[in-house]
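First up is the structure itself, then whatever we jot down about it.
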Amino acid sequence: MSVILENITKSFNKQKVLDNLNLEVKKGEFHVILGPSGEGKSTLLSIISGLIKPDAGKILIDGDIVNDLPPQKRGIGFVFQDFALFPHLTVFENVAYGLKIRSLSNKEIEDKVTFYLEMVGLEKHKDKFPSELSGGQKQRVALARALVIEPKVLLLDEPLSHVDAWQREKLREDLKTIQQKTGITTIYVTHDRLEAILLADKVSVLHQGRIEQTEPPKEIFYQPKTSFVARFVGATN
Ligand code: ADP
Ligand code: MG
């Protein structure tokens, strides 16, 4: 499903974090929002998901204005930087959590959870607790938990930043494969240029509360349109 943001503005105290921001994410796209830390990337995802209200502007998901819809009615899956798993629940129960509040039979829950645990490669670890997992495995649980509700849009907030270097590459590749397999519209925020190049269909560069350029990674890196984009991506022209 498509996501369109129109003139999104958000301040905290007197500090304007997002300033008339416009963004269009097409159906099925892997869209990376790239920007240095403190530029408002997490705030932007929270606004799309409904966890934070914008001061002004519209959020459209598949053409419908969702500003007044609560997070659970927006059809969004969210993967946080720090996993945010329930420590007292097993891997299976963490993934099942979002399904328990719906009226599904135990068999349906079992089938769906198993399907998504297999997709992220954690079937064998379903009875473990989060404390028994590595960072990469925790993030796989978080991904399965986000996908199991079969959301229209998947939001990922720097999902590799707390994952050990040796697991990062594999998880990055698996994220790309899973996105392609499911075809889910994905918005992925990061400060890491390599992740943007390797993952994105389109990259949007965030600076001073606005999107400065949206283009496939090659164009962003070889034909930066503003001096900020050029400096940030390290291009020379
Ligand atoms: P990023 O994810 O790009 O690092 P954030 O969206 O976390 O950026 O933060 C952008 C700016 O907004 C920062 O200056 C941060 O301090 C501020 N900010 C974010 N959330 C809040 C909040 N709940 N209250 C006050 N200031 C906030
Ligand atoms: Mg952030």
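The values are calculated or read from the model by the stated rules, or taken from the named source; none is laboratory data. Quick caveat, the model's predicted, so the values are computed rather than measured. Neighbour counts are summed over all protein chains in view; Cβ atoms, including those assigned to glycine, are modelled from backbone coordinates with ideal geometry.
Some observations on this one:
- Restricting Thr177, Thr214, Thr182 to residues that are away from ligand 2 (no atom under 16 Å from the Cβ), touching a helix residue (DSSP H, G or I) at 6+ places or on another chain (Cβ under 8 Å) and polar (S, T, N, Q) narrows the list to Thr182.
- Residues in the stretch 123-176 that are hydrophobic (A, V, I, L, M, F, W, C), part of a helix (DSSP H, G or I) and surrounded by fewer than 19 Cβ atoms within 10 Å (Cβ to Cβ): Ala165, Trp166.
- Some residue of the stretch 153-161 being in contact with a Ser or Thr (Cβ under 9 Å, 6 or more places away or on another chain) and modelled with pLDDT under 95: yes
- Taking every residue in the stretch 118-130 that is at pLDDT 95 or above and pairing it with any residue that is surrounded by fewer than 19 Cβ atoms within 10 Å (Cβ to Cβ) and hydrophobic (A, V, I, L, M, F, W, C), at least 6 positions away or on another chain, the pairs with Cβ-Cβ distances below 9 Å are Leu122/Leu133; His125/Leu133; Phe129/Leu89; Pro130/Phe86; Pro130/Leu89.
- Selection status of Arg168, in contact with a strand residue (DSSP E or B) (Cβ under 9 Å, 6 or more places away or on another chain) and of a type in the set (Lys, Arg): no
- Within the stretch 98-122, considering residues that are assigned to a helix (DSSP H, G or I) and aliphatic (A, V, I, L, M), the one nearest to Leu60 (Cα to Cα): Leu99
- The listed residue being in contact (Cβ under 8 Å) with a residue 24 or more places away in the chain, within 16 Å of ligand 1 (Cβ to nearest atom), within 14 Å of the chain's Cα centre (by Cα) and under 19 Å from Ala146 (Cα atoms), out of Ile47, Ile52, Ile76: Ile47
- In summary, Gln81 fulfils each of the numbered conditions (1) in a helix (DSSP H, G or I); (2) within 16 Å of ligand 2 (Cβ to nearest atom) with the single exception of condition (1).
- Looking only at residues in the stretch 185-209 that are among the hydrophobic types (A, V, I, L, M, F, W, C) and part of a helix (DSSP H, G or I), the one that is nearest to ligand 2 (Cβ to nearest atom) is Ala196.
- Matching residues in the stretch 23-54 - criterion: being away from ligand 2 (no atom under 16 Å from the Cβ) and either part of a loop (DSSP other than H, G, I, E, B) or closer than 10 Å to Gly209 by Cα (or both): Lys26, Lys27, Gly28, Glu29, Gly50, Lys53, Pro54
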